[in-house]
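Since the structure comes first, as structure tokens, the remarks are kept for the end.
Any read-out appearing in this document is the output of simple, stated calculations on the displayed coordinates, not a laboratory observation. Keep in mind it's a predicted model, so treat the numbers as computed, not measured. Cβ sites come from the backbone with ideal geometry, for glycine too, and all protein chains shown count toward neighbours.
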Amino acid sequence: MNKNDVNIGIAKCPKTGKFYGVRVEKRGKDDYTATWAFPIREDVAKREGFASTGFPKSIKYAAEYPGCPHCEKKENLAELGGGLNGLDLVLVGDLTGSMGEYRDILKIKFMELCKGLFAMIGDLKIGVIFYSDHWEAEPYLTTVHKLTKDQASLLTFISNTPMGDGGDADEAAEDALHDLLHLNWSGDTPRSVVIFGDASPHPAAECPLGRDFFKITEQLYNQKVTINSVYCGKEYGGRQEELQRLENVAVGNFSKKHRYLEPPNFFSWLANVSGGMVFGIDKIDNLLSVIAAAAAKDSGLLDDFSSTAGSNTFANREIIKIAKEAADRRKGK
């Protein structure tokens, strides 16, 4: 739910499967009240920009609120998953060298993370891309699990994907970004990526497939993909503002061509130019909190997620603050 005084949220009647709009007033801090409901077609809701609006868990109901216009039942809007609210979330990870510990924490906590994300976001799909490097001895260049709601299948993929070795300073991040261009994205659903690694992509001239990370990132931006980056080099742990300012380019500004960027600069640029958040790892567990905050931000539910800080294992206040700042930059604030 946005912070304006009045918003329209979209719910889906669980009995008839039809959509309806709900007028919600913000009457004070964290005080949201549903005052009216009306039928609306899905195409109209999307055209009017209501598709990504969710309902806060603290929503109240005015005496005149009529309930669902299709079945007349007063459903708990917060439990309906936000109607048309949804997100395509893709985790992209470097699985070379020391990056194995990040895959291990993801494997251990993935189902717990999913439980919270699927409860928060009404129509969520998750995909995973792992990458290594262009050496013949590598088990793969990239390996992809398409977007899905099947959490068990995703966990099996994460658990069974072997580690790569790398071999030089750079890794095949450009190839993983290329895979994102051809993923099974869902129509108008918001598109979010969380990429984690500690190495730069190869320059196009040094990539055996000639892939150019700069051009691919611009293509992804034009496809409305928001890329959130996690730099796993320890030197920027706890120095988040410095990392963000390394390549403090405006969202969507591709006027300055980059052939190559050093690892921290690459992760800073990638997030800033695409409208995402960048975070420098200080504790491995923070990877999960970044994923959760990025998903909340890019699905329009960051305020709701923020309200769970203190009770939600993955709701880290520092990371939520960084996510809010990234959301404000994207809005031009």
Specify the inter-centroid distance of region 265-315 and region 242-259, based on alpha-carbon positions, in whole Å.
19
Over the Cα atoms of region 175-328, what Rg and Dmax result, in angstrom?
15.1, 49
Using the basic label-point model (7 angstrom from Cα toward the beta carbon), what is the A309 to F118 distance in nanometres?
2.8
For region 91-112 and region 196-216, compute the distance between their C-alpha centroids and round to whole Å.
22
With R₀ set to 45 angstrom, the calculated FRET efficiency between the beta-carbons of R245 and T16, to the nearest 0.05, is 0.30
Output the DSSP H helices from the chain with an along-axis C-alpha extent of no less than 15 Å and a mean Kyte-Doolittle hydropathy no less than 1.0.
286-298
For the chain, convex hull volume per residue from C-alpha positions, Å³:
128
Highest first, please rank the peptides 135-148, 267-280, 184-197 by the mean number of other Cβ atoms sitting within 10 Å of their residues.
267-280, 184-197, 135-148
Estimated FRET transfer efficiency (K224, C71; beta-carbon r; R0 41 Å; 0.05)
0.75
Of A152, L95, Y65, which is farthest along the charge dipole of the chain in the positive direction, counting Lys and Arg as +1 and Asp and Glu as -1 at C-beta?
Y65
Peptides 93-104, 285-296, 62-73 ordered by average Cβ neighbours within 10 Å, highest first
285-296, 93-104, 62-73
How large is the dipole of region 86-330 about the Cα centre if only Lys and Arg carry +1 and Asp and Glu carry -1, each at its Cβ, rounded to the nearest 20 debye?
820
How large is the charge dipole for region 160-233, taken about the Cα centre, if only the Cβ atoms of Lys, Arg (+1) and Asp, Glu (-1) carry charge, to the nearest 20 debye?
400
Mark the label point 7 Å from the Cα of E235 along Cα→Cβ and return the residues of region 244-275 whose backbone N is within less than 16 Å of it.
244-247, 261-269
Compute the distance in nm between two label points, each set 7 Å from the Cα along the Cα-to-Cβ direction, one at T148 and one at S58.
3.9
Assign unit charges at the C-beta atoms only (+1 for Lys and Arg, -1 for Asp and Glu), then state the dipole size of region 148-201 relative to its Cα centre in Debye, rounded to the nearest 20.
420
Once the dipole of region 176-285 is set up from charges on Cβ (+1 Lys and Arg, -1 Asp and Glu), the residue from the list Y221, I281, A199 lying farthest towards its positive end is Y221
For K60, the lysines lying under 24 Å Cα to Cα, once residues fewer than eight places off in the same chain are dropped, come out as K3, K12, K15, K18, K26, K29, K73, K74, K297
